[in-house]
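Encoded as structure tokens, the structure appears first; notes follow it.
No lab work stands behind these numbers, since they all come straight from the coordinates. Predicted model, so just to flag it, every value in this text is computed and none were measured. Heads up, the Cβs are rebuilt from the backbone with ideal geometry, glycines too, and the neighbour counts pull from every protein chain shown.
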């Protein structure tokens, strides 16, 4: 595993203009400007609980709605995550974590496999949390898992408060990815009989 697991991604479309930087071996510092207050809060929690230093600046068409900004940030974050991981040598690869948030309980299980797949299971939520469309949680996770090359299973086991359920997901995702991407002294090369991930 390399000494510097960092990446910077610039992504510009007719709908969004994103500059994103990540350091997988950071302290959980973040500067998030997505244009959607609640989503800023969620990415801040993701970075803090994953111990990732994360900077996100997005100029998006939030006058339409938040879909393009949230999905495109997921794409950029996935690309940056994949680049920062390099050949994935020396990492634990798998992790599972649970996070309680008051009455809500979230579960995330991840395989840094290079094979993108998302399973998302959550109770029905309020349509909006502030200016954030709760349906976009799944869209973000799908874009992120595809571009990061993650097999990602996310489930809210139970909960009533939509804010608590989404917050538990993002905190849990940070913790699971921190564990899966940490150095494991027992892993020589990549943790696969194929020799490549």
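A Förster radius of 25 Å combined with the Cβ-Cβ distance from residue 102 to residue 128 puts the calculated FRET efficiency at roughly 0.80. Helix 67-85 and the long axis of the chain differ in direction by around 10°, with both axes built from C-alpha atoms. Its relative contact order, with pairs defined as Cα atoms under 8 Å and 6+ residues apart, puts segment 6-181 at 27 percent. Rounded to the nearest 10 degrees, the inclination of helix 162-181 to the longest alpha-carbon principal axis of the chain is 10 degrees.
If the chain linking residue 94 and residue 115 were pulled fully straight, counting 0.36 nm for each residue of separation and taking away their Cα-Cα distance, it would gain 6.3 nm.
The simple spin-label model puts a point 7 Å past each Cα toward its Cβ; for residue 17 and residue 186 those points are separated by 5.0 nm.
Using the Kirkwood formula on the Cα atoms of the chain, what hydrodynamic radius do you get, in angstrom to one decimal?
Values: mean 1/r = 0.0601 Å⁻¹.
Radius from the Kirkwood sum: 16.6 Å.
Note on the chain: helix-only mean residue ellipticity at 222 nm, from DSSP H runs of 4+ residues weighted -39500 (n - 2.57) and normalised by residue number, equals -11000 deg cm²/dmol.
Segment 55-103 and segment 7-45 have Cα centres spaced 8 Å apart. For residue 8 and residue 87, the difference between the fully extended length at 0.36 nm per residue and the C-alpha to C-alpha distance is 26.7 nm.
Quote the FRET efficiency, to the nearest 0.05, computed for residue 65 versus residue 161 with a Förster distance R0 of 30 Å and r equal to the Cβ-Cβ distance. If you can, show how the numbers build up before the last one.
Details: r = 23 Å, r/R0 = 0.76.
It comes to 0.85.
Need one word for segment 144-197: rounded, prolate or oblate. Basis is the Cα gyration tensor (sqrt eigenvalues a ≥ b ≥ c); a/c below 1.5 gives rounded, then a/b vs b/c decides. Write down the numbers at each step before the final one.
Values: a/c = 3.34, a/b = 2.36, b/c = 1.42.
Since a/c reaches 1.5 and a/b is larger than b/c, the shape of segment 144-197 is classed as prolate.
Scattering from the C-alpha atoms of segment 1-56 alone, worked out with Debye: what is log10 I(q)/I(0) at q = 0.15, 0.20 1/Å? Listed by q, the Debye log ratios stand at -0.44, -0.73.
Helix 136-148 and the longest principal axis of the Cα set of the chain meet at an angle near 20°.
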